[in-house]
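The values are calculated or read from the model by the stated rules, or taken from the named source; none is laboratory data. Bear in mind that the values here come from a model prediction, so they are computed numbers and not experimental data. Here Cβ is always computed from backbone atoms with ideal geometry, including for glycine, and neighbour counts include all displayed protein chains. Please note that ligands, DNA and RNA were not included when accessible areas were found on the heavy atoms of the full protein model with its side chains. Shrake-Rupley method; radii C 1.70, N 1.55, O 1.52, S 1.80 Å.
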Amino acid sequence: MILYHGSNIKILNIDLTKTRPFKDFGRGFYLTKLEEQAERMAVRVTDRFGGSPHVSAFELNDEFLMISL
């Protein structure tokens with residue numbers, strides 16, 4: 001499964017120490033299945049903080065979803 005993240009910078013590695021603590025669902029790295037949604041978020045973040053809109057794609061191994069916590 002491919003998941004997308006919209007930002008004002010290119011994201012090569014996920015680093016949770018750089019996330020903001022008071023987002024909608026708390027501290028975390030937000031991803032979406034919808035590339036268009038990530039594109040819109042990239043524009044919003046760029047308008048607010050500067051930089052250039054960028055969508056990063058991450059491949060999630062479907063077997064990971066089957067791991068029981």
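General remarks:
Table: residues versus (1) aromatic (Phe, Trp, Tyr); (2) exposed (fewer than 13 other Cβ atoms within 10 Å of the Cβ).
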| site | (1), (2) |
| --- | --- |
| Gly28 | no, no |
| Lys33 | no, yes |
| Arg40 | no, no |
| Phe49 | yes, yes |
| Ser56 | no, no |
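- Filtered by the rule that a residue be in a loop (DSSP other than H, G, I, E, B), surrounded by 10 or more Cβ atoms within 10 Å (Cβ to Cβ) and of a type in the set (A, V, I, L, M), segment 1-20 gives Met1, Ile9, Ile11, Ile14.
- Pairs meeting the criteria (first residue in segment 1-14 and of a type in the set (Val, Ile, Thr), second residue open to solvent by 80 Å² or more (accessible area, probe 1.4 Å) and in a strand (DSSP E or B), beta carbons under 7 Å, at least 6 apart or on different chains) are Ile2/Glu59.
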